[in-house]
Structure formats: C-alpha cells, structure tokens
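Visitor: Got a structure here, written out as structure tokens. Questions coming.
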Amino acid sequence: MTTLPRNDLSPHKIIALATAFWSSKVLLSALELGVFRALAERPRTGEELRADLSIEGRGTADLFDSLVSLELLDRSDSGVYRNAPHADAYLNPLRPEGDISGYLAFLNPGFAEWSRLTEDVLSGDRLDFTDALSSSGGVNGGGGAPVAADTQSDGFGAAFPTPDQIAGFVRAITGYSPAAYKALATRFDWTPVGAVVDVGSSEGALLAHLLGAHPHLHGIGFDLPAVRDRFTGYLDDSGVADRARFVAGDLLTDPLPSGDVLVLGPVLRDGNPDIERLLIRKAYDALGPGGSLLIHGSLFDGDRHVTATGPPAGLDDSSGAADGLGRTGAECRERMAEAGFRNITSHHLDGPEHMVVGVK
C-alpha cells in the first residue's frame with residue numbers, strides 16, 4: 001500500500017532550500033554588475049541602469065524585478081529603481097562603515113567552492129580560497145579548489161601572498177561583521193578600558209567601530225606586515241587614526257601586544273583547536289590581572305544544530321580549515337578555562353555571531 005505524505009506537510013520547504021541559490025546568485029550578480037553602487041549615487045529607471053552599467057542581456061528586467069521581490073530594491077509606479085533600506089544600509093559604498101560588499105564579493109567567485117561540498121566531505125580535503133580572494137581583491141579569479149588536508153597548517157599567513165589576495169581577504173573580513181562590530185561596541189562595558197588590542201585586525205574595522213563609539217579608547221591592531229597599509233588607510237578614513245596604531249607580527253610565533261582587553265575574531269576561523277588554544281594562551285600571557293579576552297565569531301550551539309545560520313557558517317569555516325572542525329560555544333569556553341580565564345560568559349551579537357568573554 002502506498003503511504004501518502006502528511007496533509008500538514010508541504011514539499012515546498014525542501015524545494016525552497018534546494019533553490020535558495022537562485023536568490024543568492026541574483027544578489028551576488030547584481031553586486032558584481034554594480035547595481036547597488038549605481039543606485040547609491042542616484043535612483044534610475046531600468047533603461048538608465050542598463051545603459052549606465054552596459055548591461056545588454058535579455059534577462060535584465062527580470063533581474064531588477066527579482067531584486068525588488070527580494071526587498072533589496074524599491075520600484076516606483078513610474079519605473080524608477082532605488083536601493084531598499086537594507087541595501088542602502090549595507091550595500092552602499094558611500095557608507096563604508098556598514099558596507100558588506102567586500103564579503104559578498106568574496107562569496108561570488110567562491111560559489112564554485114560550495115558546489116564541491118560532496119567531494120570535500122568524502123575526501124576530507126580542505127578548500128583553497130586564494131583564487132576567490134584574488135577575485136574579490138580586484139582580479140579575475142575562480143572559486144575554491146580542494147587541497148590536501150594538513151592539520152599543521154594555520155590557514156592564514158603565507159596562504160595569501162599576493163597583494164590582490166591580501167586585498168580580497170581584508171575586504172571580506174571587513175564586510176562580514178559590521179553589525180556584530182556595532183554590537184560589540186555596546187554589549188561589553190568599555191568604560192574602564194583604556195587600550196584594546198585586536199589580534200588579527202585586518203583593515204581595522206572593529207577598532208574603527210570601537211574607537212568611534214568610545215572616545216576614551218585607544219586601539220592596537222596586530223597583524224601581518226602586509227596588512228599595515230590597508231589598516232592605516234581604513235583608520236585614516238574612519239577619523240580615529242590618532243588613537244590607533246599598528247603592530248606588525250606573526251600570530252603564531254611573536255608575543256601579542258598587551259592591553260586591557262584583547263580581541264580574537266576572524267583569526268580563529270581556521271578551526272584548528274591546537275592553534276586556538278595557542279592563541280588563547282598567548283592572549284592570557286599578554287593581559288594583566290583583571291584584563292579580559294573577548295572572542296567573537298560564528299559558533300555552533302552546544303548540540304550543533306539549533307540555529308539555521310550557525311552550522312552552515314561553521315561548515316564554511318571547516319571546509320577551508322586545516323583539520324575540518326567548526327567550534328561550539330562550549331568548546332570555546334572550555335579552551336579559555338584551560339588557559340586560566342575565569343568568569344567566562346557568552347553573549348549573542350548578530351545573526352550567527354556570538355562573543356565569549358573571560359577575565360584573567
């Protein structure tokens with residue numbers, strides 16, 4: 001006897017998941033074509049957009065109207081398009097403090113990486129993002145390609161040796177977490193803090209948010225020497241360069257700068273637990289008594305399944321990680337406790353982003 005599906009269940013939840021890449025690619029292609037940048041300058045009709053962006057394809061009108069249905073563009077009765085509120089806030093290069101375009105520019109050429117997920121899971125190899133980073137840094141590049149897993153690899157440092165790969169990497173880091181950075185500025189008590197060190201600071205977007213929100217704060221960005229110029233330029237543009245300085249060094253071999261608060265964020269995306277423990281111990285050594293370590297990033301919940309965005313974000317991390325591991329908040333707290341931190345607490349920031357705070 002054939003058993004029919006339950007009447008209260010629809011297959012369209014599954015179909016929507018299977019076709020979610022349609023919406024994603026509409027967004028990423030519109031970004032690549034310059035739609036949001038053009039509309040940030042001024043509203044335009046569809047004909048004006050096509051002419052100004054040199055778009056000749058027959059699906060152009062459908063692309064623009066798909067962006068309207070996704071609530072990324074608004075269209076007036078007279079056919080004039082403008083950026084909808086979310087796009088105006090986060091896809092507007094004229095407002096760099098909230099612009100996430102750098103991260104999305106990395107995702108677009110990285111689309112091919114996710115098409116290799118089955119191969120990645122079967123083989124245990126990790127994915128090489130250097131082509132995608134080059135592309136988001138301003139050069140034509142492809143997606144990720146599998147490379148042999150190496151649990152001793154740190155996944156950063158020499159992985160991005162060219163200026164274009166460095167530019168792509170720091171733009172992606174800056175673009176991923178502006179809302180989380182804003183939350184960090186308000187959900188931690190910065191009142192008694194004099195100096196904060198962002199370990200693996202990249203362009204310095206976190207320090208720009210913190211120093212902009214708290215005029216008494218001074219910041220130190222610690223990262224590889226090749227990042228210095230990007231850091232200096234970003235902090236200059238943010239208007240807080242007089243309270244920030246860059247310290248060049250190797251995360252794994254050099255001591256970390258001292259401060260009242262040390263922050264570890266994207267540097268832990270590699271997923272290697274030994275490297276995470278090393279950096280947490282180094283942060284402990286760099287802090288004085290009463291100093292705080294603040295770790296932020298995408299974390300699984302304790303049983304690794306509750307949130308919709310957390311596990312895929314962790315999967316994205318682990319696919320490119322040396323040992324193929326994402327991490328849970330509980331694992332993060334455990335590693336901080338192993339290093340000697342006490343009064344360890346966890347707090348939600350934005351989307352899949354959380355912070356874990358411990359006191360020396």
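Visitor: Lysines near Lys282 by alpha-carbon distance under 29 Å, same-chain residues fewer than 8 away left out - which ones?
Guide: Those lysines meeting the cut-off are Lys182, Lys360.
Visitor: Moving on to the next point. Would you please give the residues with an amide H less than 5 Å from that of Val247, counting only those at least 5 places away or on a separate chain, with H modeled from the backbone geometry?
Guide: Gly221, Phe222, Asp223
Visitor: Can you tally the net charge around Leu349? Count Lys and Arg as +1, Asp and Glu as -1, for every other residue whose Cβ sits under 14 Å from the Cβ of Leu349.
Guide: 0
Visitor: Peptides 54-65, 171-182: what's the order by average Cβ count within 10 Å, highest mean first? Each step should come with its number before you reach the end.
Guide: Working: 54-65: 12.7, 171-182: 23.1.
Going from most to least packed, we get 171-182, 54-65.
Visitor: Tell me which residues come under 5 Å, amide H to amide H, from Gly291 once H is placed; ignore anything under 5 positions away on its chain.
Guide: For Gly291, whose amide H was placed from the backbone, the distant partners under 5 Å are Lys360.
Visitor: Please list 67-74, 11-18 highest first by mean number of surrounding beta-carbon atoms within 10 Å per residue.
Guide: Packing order, densest peptide first, comes out as 67-74, 11-18.
Visitor: Around Arg44, with a cut-off of 15 angstrom between Cβ atoms, what is the net charge of the other residues, counting Lys and Arg +1 and Asp and Glu -1?
Guide: -2
Visitor: Additional query: To make sure I understand the rule: partners must be lysines, Cα under 25 Å from the Cα of Lys13, and not fewer than 8 residues away in the same chain. Which ones qualify?
Guide: Lys25
Quick note: the coordinates plus some simple rules give every number you see, no bench work behind them. Because the structure is predicted, anything quoted here is derived from the model rather than measured. We place every Cβ from the backbone using ideal geometry, glycine too, and count neighbours over all the protein chains shown.
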